[in-house]
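Let me begin by presenting the structure, written as structure tokens, before commenting on it.
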Amino acid sequence: MNWTDWLPLWLACGLLTFAIRYSFIGLEGRYRPPGWFVRWLPYVPIAALTALATPELLLDAGNIQLGADNPRLWAGLVAIAVAARWRNTLLTIAAGFAALGLLRWLGDL
Amino acid sequence: MTRSAAFLLGMRALLPMLLGVVPFGVIYGVVALQSGIPPLAAVLMSSLVFAGSAQFLLAQLLGAGAPVLLAVGAVGLINLRHALYSASVAPALHALPRRWKVLLAYLLTDEAYAAAIPHLMQQPRSPQAHWLLFGAGFALWTGWQLSTLAGVLVGTQLPADLGLDFALPLTFIAIVVPLIDSRARLAAALVAGTMAVLLAGLPWKTGLFFAALAGLAAGAFVGRRP
């Protein structure tokens, strides 16, 4: 197939993705959202970003891993503690990577 | 805050996430070629669709010979959570001209949203919200285009097991944890996190969307009680 043959599918997927992202931005001011929706909205950052992060810590190939041999879980907990104490993004990331590296190294011994 | 300060703040907040995004972009490029997508089409998908996990899924579905309509539907479902970001940033972008809204909606990804959120939660009607989101979106867009191009051109030379993808959950932790200052916000995080793990088996990452909804409901429920 020629590369141009793929463009209609890319455009369809791109327009659909754009429509989802534009949805409420485009509607703002033209309608009045229901009260429950307005009360739910302030929690979007916390709920959505936590939902993205937790499977990365707890799941390995789709299975829940809560054991000592899951370095991502323990490195993630170190990062949570550092973030809670120091509230510094780069420090949190550095601590998480350092913990991950250390735990993997210990696991290989 | 001036425009350029907001733009730079958005870029800077996004930079650590590129640690995780760039290897992912390289792998996408490789997977796309392996799925039989021509190099130029694989690169163009990154600017026309501009959604990492959706592009990955699309390449895999096409490689497996899935019907085109199913592939489009799957892309829609995997990106459903972006509607929540759209609702979340809409009040801050309300007064902007349409061209700004279109640009920022095109750039509205998990990463750009996360980068802008600490400032937006402090100042929900920040007059520079658009420059902040633009800075973050621009940094991610550039990193994504270049990394997918690199994947298509040179293939994967990165050792797969460096664990750089861990940069994304770590950055989200760094952003979310300092925001949790009430029982309601804690409830939103605990419920969304638990549900995301329990629903991870749902097809096309729809579990993320439903987990986020459950977190919103939990936060609002706890928050309305005195």
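The values are calculated or read from the model by the stated rules, or taken from the named source; none is laboratory data. Nothing here was measured: the structure is a model prediction, and the numbers come from that model. Ideal geometry is used to build each Cβ from the backbone, glycine not excepted, and the neighbour counts take in all protein chains shown. Remember, those area values only see protein heavy atoms, side chains included, never the ligands or the DNA or RNA. Shrake-Rupley method; radii C 1.70, N 1.55, O 1.52, S 1.80 Å.
Annotations for the structure displayed:
- Candidate set: region A:50-80, residues that are in a helix (DSSP H, G or I) and open to solvent by 70 Å² or more (accessible area, probe 1.4 Å); chosen: the one nearest to the other protein chains (Cβ to nearest Cβ): A:E56
- Listed by first and then second residue, the pairs linking a residue in region B:74-88 that is assigned by TED's automatic domain parsing to the domain that holds B:A116 to a residue that is among the hydroxyl-bearing types (S, T, Y) and open to solvent by 20 Å² or more (accessible area, probe 1.4 Å), with Cβ atoms under 9 Å apart and 6 or more places separating them unless they lie on different chains, are B:I78/B:S53; B:N79/B:S53; B:H82/A:S23; B:A83/A:S23; B:S86/A:Y22; B:S86/A:S23; B:A87/A:S23.
- Considering region B:35-68, and only residues there that are within 7 Å of another protein chain (Cβ to nearest Cβ) and more than 24 Å from B:F138 (Cα to Cα), the residue that is surrounded by the fewest Cβ atoms within 10 Å (Cβ to Cβ) turns out to be B:V68.
- For the condition more than 7 Å from chain B (Cβ to nearest Cβ), at pLDDT 95 or above and out of contact with any strand residue (DSSP E or B) (no Cβ under 9 Å at 6 or more places or on another chain), A:L16 does not qualify.
- When residues of region B:77-108 are limited to those that are open to solvent by 10 Å² or more (accessible area, probe 1.4 Å) and farther than 20 Å from B:P127 by Cβ, the one nearest to the chain's Cα centre (by Cα): B:R81
- Residue check for B:L80: in a helix (DSSP H, G or I) and not small (G, A, S): no
- The requirement of being more than 10 Å from chain A (Cβ to nearest Cβ), in contact with a Ser or Thr (Cβ under 8 Å, 6 or more places away or on another chain) and among the polar types (S, T, N, Q) is not satisfied by B:Q122.
- B:R185 among the basic types (K, R), in contact (Cβ under 8 Å) with a residue 40 or more places away in the chain and at the interface with another protein chain (Cβ under 7 Å from one of its Cβ atoms): no
- Among (1) out of contact with any Ser or Thr (no Cβ under 7 Å at 6 or more places or on another chain); (2) surrounded by fewer than 16 Cβ atoms within 10 Å (Cβ to Cβ); (3) not aromatic (F, W, Y) - the single one B:A71 does not satisfy: (2)
- Checking B:S126 against (1) assigned to a loop (DSSP other than H, G, I, E, B); (2) open to solvent by 10 Å² or more (accessible area, probe 1.4 Å), the condition it does not meet: (2)
- Among the candidates A:R21, A:R39, residue that is assigned to a helix (DSSP H, G or I), more than 29 Å from B:L33 (Cβ to Cβ) and not aliphatic (A, V, I, L, M): A:R39
- The set of residues in region B:19-34 that are within 14 Å of chain A (Cβ to nearest Cβ) and open to solvent by 30 Å² or more (accessible area, probe 1.4 Å) comprises B:L19, B:F24, B:L33.
- Across region A:1-49, the number of residues qualifying as closer than 27 Å to B:L216 by Cβ and open to solvent by less than 20 Å² (accessible area, probe 1.4 Å) comes to 11.
- So A:R104, is it at pLDDT 95 or above and in a helix (DSSP H, G or I): no
- The condition (being facing another protein chain (nearest Cβ under 10 Å) and either surrounded by fewer than 24 Cβ atoms within 10 Å (Cβ to Cβ) or at pLDDT below 95 (or both)) is satisfied by just one residue among B:V191, B:V177, B:V152: B:V177.
- The residue list B:L146, B:L208, B:L132 contains one member that is more than 7 Å from every other protein chain (Cβ to nearest Cβ) and open to solvent by 10 Å² or more (accessible area, probe 1.4 Å), which is B:L146.
- The number of residues in region A:19-39 that are facing another protein chain (nearest Cβ under 7 Å) and either among the basic types (K, R) or in contact (Cβ under 8 Å) with a residue 60 or more places away in the chain (or both) comes to 2.
- Residue count for region B:164-188, restricted to those that are in a loop (DSSP other than H, G, I, E, B) and hydroxyl-bearing (S, T, Y): 1
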